[in-house]
Amino acid sequence: MTRIRMIVLAGVTAAASTAALALPAQADTRTPHDTAAAQCEYPADVLDLTNWKMTLPTGENEDPTEITQPDLATFSAKPWFRVDEACDAVQFRSAVDGVTTGGSSYPRAELREMTGGGEEAGWSTTEGTHTLAVTEAFTALPNDKPHLVGAQVHGGDDDVTVFRLEGSRLYITAGDDSHHHLVTGDYELGTEFEAKFVAQDGQINVYYDGKLETTISHDGDTNYFKAGAYTQANCENSAPCDSDNYGEVHISSIEVTHS
């Protein structure tokens, strides 16, 4: 007599004979890409976006689209803000003809730091320690003016320090000095690195792949972090003036700590 027993698989009950159980298991023919795609639909599936909001290069003039939590947890906007094909990074893309904020003439697909209560973050460089670590790669630059910002400390109405790529030259800026510190003169598009800011005691230490590159003095209490693709070109200095001319950054990890 063939014995029958009940098997529960993922909440589904089925009957199987001991003869059937003796058969070789069928191989899973899904590729790693198929498996990842099934588990990854939104950028928030790859990055912890709990305390961020997203600004897109779309919307009305000087009124770009902004997505906040909880909507950001299930939001994607191809090609501006989406998971990459391998599901191990998020693509940020900003075209030269994109919508800009009222305080800038350049478009962005960029995250802005928020608090746990859903308010815009603002912290002091003289109280506590504030850290942003971003693993990212610049993957495309606009024509004619190939300048792109990938991560920054912002204070009030202006940036304090950023990672800025100009062609193959990667800089760390300090206020209005866009060439404050040269990290490398031969950066190749697609090269992943860790950008890190540590703000404390009225200073910001800036690291590239774990190495301290420069220290910037800054005393302010309205600071916050940003990361993404802040294209430093527009239709007045870069052609063609269309969505195929853009800056792009892929971010595979982002972490903020305050202590």
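The values are calculated or read from the model by the stated rules, or taken from the named source; none is laboratory data. This is a predicted model, so every value here is computed, not measured. Glycine gets a Cβ as well: all are built from the backbone with ideal geometry, and neighbour counts include every protein chain shown. What goes into the accessible areas is simple: the full protein's heavy atoms, side chains included, and nothing from ligands, DNA or RNA. Shrake-Rupley method; radii C 1.70, N 1.55, O 1.52, S 1.80 Å.
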When CYS87 is run through (1) out of contact with any Cys (no Cβ under 8 Å at 6 or more places or on another chain); (2) at positive phi, the failure sits at (1)
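Here is a yes/no grid of residues against (1) open to solvent by less than 60 Å² (accessible area, probe 1.4 Å); (2) within 15 Å of GLU110 (Cβ to Cβ); (3) of a type outside the set (Asp, Glu); (4) not in a loop (DSSP other than H, G, I, E, B):
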| site | (1), (2), (3), (4) |
| --- | --- |
| VAL149 | yes, yes, yes, yes |
| GLN152 | yes, yes, yes, yes |
| ASP159 | yes, yes, no, yes |
| THR173 | yes, no, yes, yes |
| SER178 | yes, no, yes, yes |
| ASP186 | no, no, no, no |
| TYR207 | yes, no, yes, yes |
| TYR230 | yes, yes, yes, yes |
| CYS235 | yes, no, yes, no |
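Among what's in the range 242-259 and is under 12 Å from the mean Cα position of the chain (by Cα) and among the small types (Gly, Ala, Ser), pick the residue that is least open to solvent (accessible area, probe 1.4 Å). Give the steps one after another, and end with the answer.
Applying the first criterion (under 12 Å from the mean Cα position of the chain (by Cα)) to the range 242-259 yields 248-255.
Imposing the further condition that a residue be among the small types (Gly, Ala, Ser) reduces the set to 252-253.
On the way: SER252: 34, SER253: 51 Å².
Among those that are under 12 Å from the mean Cα position of the chain (by Cα) and among the small types (Gly, Ala, Ser), it is SER252.
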Selection count, the range 188-197, where residues are in a strand (DSSP E or B) and exposed (fewer than 13 other Cβ atoms within 10 Å of the Cβ)
0
The one condition GLN203 fails out of (1) of a type outside the set (A, V, I, L, M); (2) within 15 Å of THR131 (Cβ to Cβ); (3) surrounded by 23 or more Cβ atoms within 10 Å (Cβ to Cβ) is (3)
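Please enumerate the residues belonging to the range 209-228 that are open to solvent by less than 50 Å² (accessible area, probe 1.4 Å) and in a loop (DSSP other than H, G, I, E, B).
Selection gives HIS218, GLY220.
Here are THR126, THR74, THR135: which of them is among the β-branched types (Val, Ile, Thr), open to solvent by 60 Å² or more (accessible area, probe 1.4 Å) and within 18 Å of the chain's Cα centre (by Cα)?
Exactly one residue qualifies, and that residue is THR74.
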Of ARG112, ARG93, which residue is open to solvent by less than 30 Å² (accessible area, probe 1.4 Å), among the basic types (Lys, Arg) and part of a strand (DSSP E or B)?
ARG112
Condition check: more than 25 Å from SER105 (Cβ to Cβ) and either modelled with pLDDT of 95 or more or more than 16 Å from the chain's Cα centre (by Cα) (or both). Does GLN203 satisfy that?
yes
